[in-house]
């Protein structure tokens, strides 16, 4: 038996933020990132709508990009002191992901982080609060997913937390918030959405319920991402919806080793953090070539859905070429070496990173089984730009 879970309610379209004034409750805590939502006036709007609903609101601010275990624990402590009945994550994927994890430790103070690393091992939530997610970026789709990514900086590892308990109760997908993204963020989050949909379509857990969502999301990303990168407002709106469709697909079909690799390399190198969407964009064409030995037809379906023709093998190659072309348009490097990772550090760490990637929660649903040695070879291909022929 399989399960399909989405938020109970989704509100979308320009002005959807106003739905906050219809929420029933007493107290809300609004979890925020670095300040952009405040600068653009969206925090004031949200607080005013909640006040209109008769809800007292407190802010928890300055969640860092790629939120840390420490930030999660600090936020949970603030929630235990304030006792909200609504937790609202607003902004990019980071504050929403952090708020999801805070939720667990708010309701279960004695739970440890190590206890929830195992996928689908969370205690039952909604004992004290419900959850609203309001995204301002168009990539992570955390507003509709059962996932949260938290970083342990001491270990240099990103942990993908997975449990249907943390699927939000309400998602508010208001494209007005996404109009504020700088171009680089629009590029990285857009390629993250493409990766979500592609991995969901070829996942071992794909289904008739997730396939149409994944294919439509891929089609929309290829159609709208370049214009979104340039700041076109209509394209930004459509990308906000495309990433949400991709999230609905991967939350129920799960992902694959593009994400396993991105999770374990994002914070691993001293030369600089690799933004999650950028890492996915770099790895995706290489992983498609690796997985095609087991999933060629599924990748060919994706290619044909966006107008590519030919044999299955020709379609897969053309799909990889198309992704490479988009990365060039979006100023995303082709390799880890081009990104700036030093060769000696890469060679020193690659074997350990490969082992960690194999153990990542996303590896289990990848269409092709992968050994640590194969993962190490694949990572080497992404560093040097060499062909994946194994």
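Listed here are the residues, each with its yes/no results for (1) farther than 15 Å from residue 254 by Cβ; (2) at pLDDT below 95; (3) surrounded by fewer than 19 Cβ atoms within 10 Å (Cβ to Cβ).
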residue	(1), (2), (3)
339	yes, no, no
345	yes, no, yes
348	yes, no, yes
351	yes, no, yes
354	yes, no, no
361	no, yes, no
373	yes, no, yes
379	yes, no, no
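Somewhere in segment 15-28, is a residue under 18 Å from the mean Cα position of the chain (by Cα), in the same structural domain as residue 152 (by TED's automatic domain parsing) and modelled with pLDDT of 95 or more?
At the first step, the residues of segment 15-28 found to be under 18 Å from the mean Cα position of the chain (by Cα) are none.
Within segment 15-28, none of the residues are under 18 Å from the mean Cα position of the chain (by Cα), in the same structural domain as residue 152 (by TED's automatic domain parsing) and modelled with pLDDT of 95 or more.
Scanning segment 104-125 for residues that are touching a residue at least 24 places away in the same chain (Cβ under 8 Å) and assigned to a loop (DSSP other than H, G, I, E, B) yields a count of 9. Any chance segment 165-173 includes a residue that's more than 28 Å from residue 70 (Cα to Cα) and touching a residue at least 24 places away in the same chain (Cβ under 8 Å)? Yes, there is a match, as at least one residue in segment 165-173 is more than 28 Å from residue 70 (Cα to Cα) and touching a residue at least 24 places away in the same chain (Cβ under 8 Å).
For segment 59-106, a residue qualifies if it is at positive phi and surrounded by 24 or more Cβ atoms within 10 Å (Cβ to Cβ), and exactly one does: 91.
Within segment 6-58, the set of residues being surrounded by 15 or more Cβ atoms within 10 Å (Cβ to Cβ), over 27 Å from residue 181 (Cβ atoms) and out of contact with any strand residue (DSSP E or B) (no Cβ under 7 Å at 6 or more places or on another chain) comprises 53 only. Quick one: is residue 90 touching a residue at least 60 places away in the same chain (Cβ under 8 Å), touching a helix residue (DSSP H, G or I) at 6+ places or on another chain (Cβ under 8 Å) and either more than 15 Å from residue 30 (Cα to Cα) or in a strand (DSSP E or B) (or both)? For residue 90, the condition - touching a residue at least 60 places away in the same chain (Cβ under 8 Å), touching a helix residue (DSSP H, G or I) at 6+ places or on another chain (Cβ under 8 Å) and either more than 15 Å from residue 30 (Cα to Cα) or in a strand (DSSP E or B) (or both) - is met. For segment 157-180, the set of residues classified as outside any helix (DSSP H, G or I) and farther than 19 Å from residue 275 by Cβ consists of 161, 162, 163, 167, 168, 169, 170, 171, 172, 173, 174, 179, listed by residue number. Can you pull out the residues in segment 267-288 that are more than 14 Å from the chain's Cα centre (by Cα) and part of a helix (DSSP H, G or I)? 282, 283, 284, 285, 286, 287, 288, listed by residue number. Counting only residues that are within 13 Å of the chain's Cα centre (by Cα) and either surrounded by fewer than 24 Cβ atoms within 10 Å (Cβ to Cβ) or assigned to a strand (DSSP E or B) (or both), segment 126-144 holds 1 of them. Of the listed requirements (1) within 30 Å of residue 200 (Cβ to Cβ); (2) touching a helix residue (DSSP H, G or I) at 6+ places or on another chain (Cβ under 9 Å), residue 1 misses just one: (2).
With respect to being on the phi > 0 side of the Ramachandran plot and assigned by TED's automatic domain parsing to the domain that holds residue 146, residue 34 falls outside the description.
The values are calculated or read from the model by the stated rules, or taken from the named source; none is laboratory data. Note that the coordinates shown come from a computational prediction; the quantities given were computed from them, not determined experimentally. FYI the Cβ positions are ideal-geometry reconstructions off the backbone, even for glycines, and counts take in every protein chain you see.
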